[in-house]
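Colleague: I'd like to ask some things about the structure below.
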Amino acid sequence: MTRNNWLALTLALGLAVAARAQAPVLLSGPMAGVSSDSSVSIWLMTHQPGPLRLEYWPVPRPGERRVFSGAAEGEAPVMQAQLGGLRPDTRYAYRVLAADGRALSEVRFFRTQARQPRARDFSVLAGSCSYFNSPGEQQRGTGYGSDYEIFDAMAAQNPELTLWLGDHIYYSRRDLEEGTAQRMEQRWRLGRSFPQLQRLLGVGQHAAIWDDHDYGPNNSDKSFAHKATSLSLFQRYWANASHGLPNAPGVFSRMRVADVDFFLLDDRWYRDADAAPAAPDKTMFGALQLAWLRHELKHSTAPFKVIAAGSRMLARRHTELRADNEGWHNFPEEREDFIAWLTRERIDGVLFLSGDIHYAHAVEWGREGSYPLLDLTCSALTSGVNRYPNAAGKLPGSVVAEHNFCSLEFSGPEGERVLRMSIRGVDGQVRWEKRLSAQALTHGDR
């Protein structure tokens, strides 16, 4: 080898090493959003900007391997890859590659939806209130979060979908006083890069709504000055397929998994203060969002229609003298009007999911001439537990005052669908459960 050739080879090797040193390194993800019958969004976060590739293929047909080329962008680099042209009702494998083809992640999986709703067995996990201690809090032992092994227990359940019901970061007072996107985004990067979270993010698909702490300050409402920044960050760090409507901003959306419809609500953007005086127009969800929800429910043929919000939906007040914690019970005219509409329109299959309160429980709302409504509250994942739960109208045995998550397992053939719902502890073991048939959530005359 001549000296010139040797120098050229040395330079090429040096450039290759430098390129590898500059290649983005994954800090979080990849995480799949909820698929349609032909598309899905894959989210990931890196330590620095740079080009990336996403390799994906239908599991039964590895010869159909395709590559999405993109880049993690921004001062806090994130990439959302929009994958289209997928086969319906198909299990896909995917992984992240560096620009030079090196694998940066393990192989992960998601499943596309059938073109028409189809009954099949699948499971959904739900939870709220994830506090991630900062490095300083970890060292001092003063953090509000603990029991992070709960995320491994959730991943071991191998859910098709994980529903995040709000409070998955906690903005600090300083974050909100400064009120800049850069400062607020630091809180997202701290939580999303938490090591114990990574395994769960890679399992199945994920969808989210917010509550007060990942929207703004404690007990925040529509008056929060930086809510547009909060919405932009929420959209940046979650891979939901849609957010609100063109004439109605927010995080609400509808999605389908198999033959079950999920209606994810925004309980903050339009919310009046819980402590505001009662009035016919006092609202937690806003007229536009509720009009959208009514329309979507009327046109849903799903045997189960799951309505999810950050705040509790069916809990009763303990006192009429003041706002009692947070929840729809502080907006009685709006809630009673909506439940009366459900009854009048004979909407079958409705049940509620909620979070926020730092203990889990189930509440049932009886209705004359119709099936009872049920609200399953799932809280808290890792944030401090409320050791003195005060759940009016709870179902016997359903109060779980420890870190927990909820499981919804849908099974059975068309026309005989069954839901097994449970509250599980950090170890993944059942603390409370209830079985519901779809038939039990109908008016019985259709």
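The values are calculated or read from the model by the stated rules, or taken from the named source; none is laboratory data. These numbers were taken from a predicted model, which means no experiment stands behind them. Please note: Cβ atoms are built from the backbone with ideal geometry, for glycine as well, and neighbour counts cover all protein chains shown. Each accessible area value is taken on the protein alone, full model and side chains, heavy atoms only, with ligands, DNA and RNA left out. Shrake-Rupley method; radii C 1.70, N 1.55, O 1.52, S 1.80 Å.
Colleague: Report, by residue number, each residue of region 72-88 that is surrounded by 15 or more Cβ atoms within 10 Å (Cβ to Cβ) and either within 16 Å of GLY33 (Cβ to Cβ) or free of Cβ contacts under 8 Å to residues at least 40 places away in the same chain (or both).
Modeller: VAL78, MET79, GLN80, ALA81, LEU83, LEU86
Colleague: Out of LEU314, LEU342, report the one residue that is open to solvent by less than 10 Å² (accessible area, probe 1.4 Å), in a helix (DSSP H, G or I), within 22 Å of GLN439 (Cβ to Cβ) and modelled with pLDDT of 95 or more. Don't jump to the end; show me each part of the working.
Modeller: Numbers: LEU314 fails: in a helix (DSSP H, G or I).
Selected residue: LEU342, the only one of LEU314, LEU342 that is open to solvent by less than 10 Å² (accessible area, probe 1.4 Å), in a helix (DSSP H, G or I), within 22 Å of GLN439 (Cβ to Cβ) and modelled with pLDDT of 95 or more.
Colleague: Please count how many residues of region 48-86 are out of contact with any strand residue (DSSP E or B) (no Cβ under 8 Å at 6 or more places or on another chain) and among the β-branched types (Val, Ile, Thr).
Modeller: The total comes to 0.
Colleague: Checking the condition open to solvent by 30 Å² or more (accessible area, probe 1.4 Å), modelled with pLDDT under 95 and out of contact with any strand residue (DSSP E or B) (no Cβ under 9 Å at 6 or more places or on another chain), which residue from ARG173, ARG199 passes? Quick ask: steps written out before the conclusion?
Modeller: Values: ARG199 fails: modelled with pLDDT under 95.
Matching residue, one of ARG173, ARG199: ARG173.
Colleague: Determine if region 104-119 includes at least one residue that is assigned to a loop (DSSP other than H, G, I, E, B), open to solvent by less than 60 Å² (accessible area, probe 1.4 Å), over 29 Å from PHE304 (Cβ atoms) and touching a residue at least 60 places away in the same chain (Cβ under 8 Å).
Modeller: For region 104-119, residues assigned to a loop (DSSP other than H, G, I, E, B), open to solvent by less than 60 Å² (accessible area, probe 1.4 Å), over 29 Å from PHE304 (Cβ atoms) and touching a residue at least 60 places away in the same chain (Cβ under 8 Å): present.
Colleague: For region 143-183, enumerate the residues that are part of a helix (DSSP H, G or I) and within 22 Å of GLN198 (Cβ to Cβ).
Modeller: Restricting attention to region 143-183, the residues satisfying the condition of being part of a helix (DSSP H, G or I) are 150-156, 173-178, 181-183.
Listed by number, the residues that qualify are ILE150, PHE151, ASP152, ALA153, MET154, ALA155, ALA156.
Colleague: Checking ILE423 against (1) within 30 Å of GLU345 (Cα to Cα); (2) at pLDDT 95 or above; (3) surrounded by 20 or more Cβ atoms within 10 Å (Cβ to Cβ), which single condition isn't satisfied?
Modeller: The single condition ILE423 does not satisfy is (1).
Colleague: Taking the conditions exactly as written (closer than 16 Å to ALA309 by Cα, more than 15 Å from the chain's Cα centre (by Cα), part of a loop (DSSP other than H, G, I, E, B) and not acidic (Asp, Glu)), does TYR270 satisfy them or not?
Modeller: Working: closer than 16 Å to ALA309 by Cα: yes; more than 15 Å from the chain's Cα centre (by Cα): yes; part of a loop (DSSP other than H, G, I, E, B): yes; not acidic (Asp, Glu): yes.
Yes: the conditions hold for TYR270.
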